[in-house]
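What follows is calculated from the coordinates using simple rules that are stated; it is not laboratory data. Here the structure is a predicted model, which means the values were calculated and not measured. Every residue, glycine as well, gets a Cβ built from its backbone with ideal geometry; the counts of neighbours run over all protein chains shown.
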């Protein structure tokens, strides 16, 4: 990363230390400077804190309780401020060149926020070899306007012009929806690139939180009235959702026709399923 020195990477933890280990190991293996990593522990009860303290990372934050994603992401972004900040899940593994590819893509296409392509589900394949082949096969394809909260590279101007994540612990994961809506209203360019890939095991932390709260996997964590925070009518929300669904279907069809795969896949039953 010597060509892109001004970056920071932050992720929030809530138990699930085994996934955090795999994530950090993959960051180290791809040449990320440990001093550029800011981990925020949201009051884990397992070995997460002792594990993080055993590493020589950047300025880590240890909260006494689970303050939610928004608070933790803000703490991480503010603890080490940079031109480019990666906000990511701790239940992912990254691949060689992932960060440089994100920054290069953002600069080339003048994006304020850019996300990598990803495979979700079982890690029963050679994800490093897959990522290299997928990037070659998709030839730098870009989903202009697409974004997801699993991993996002954010330019410093976003914090200045739009602000940070909503710091309300009880939002339970709705923070990214509110953040993306503010970026949309500000007219900022975002996208997902095929030049950078990662593997996402799934919503591991959210599943753990549901278990703690005695909720089923089908239950939503957030309060039902969270959508009111968007300040949109029912019709506006439905229209935006419909447009996004149509665009996702269009991207899928175009990518399958051109490359035989898409930028978002699921690994199950030993095969890739393109979403």
Which one of 87, 114, 158 has the biggest mean-square fluctuation once the chain is modelled by GNM with Cα springs under 10 Å? 158
Gyration tensor verdict on segment 46-183 (Cα atoms; rounded if a/c is under 1.5, prolate if a/b is larger than b/c, oblate otherwise): oblate
Ranked packing of 63-71, 120-128, 164-172, 34-42, most packed first, by mean Cβ within 10 Å: 34-42, 63-71, 164-172, 120-128
Among rounded, prolate and oblate, which fits the chain when a ≥ b ≥ c are the square roots of the eigenvalues of its C-alpha gyration tensor, a/c under 1.5 means rounded, and a/b larger than b/c means prolate? rounded
Assuming a ≥ b ≥ c are the square roots of the Cα gyration tensor eigenvalues, decide whether segment 221-275 counts as rounded (a/c under 1.5), prolate (otherwise, with a/b larger than b/c) or oblate. oblate
Could you check which residue among 83, 53, 255 shows the biggest mean-square fluctuation in a GNM of the chain with a 10 Å Cα cutoff? 53
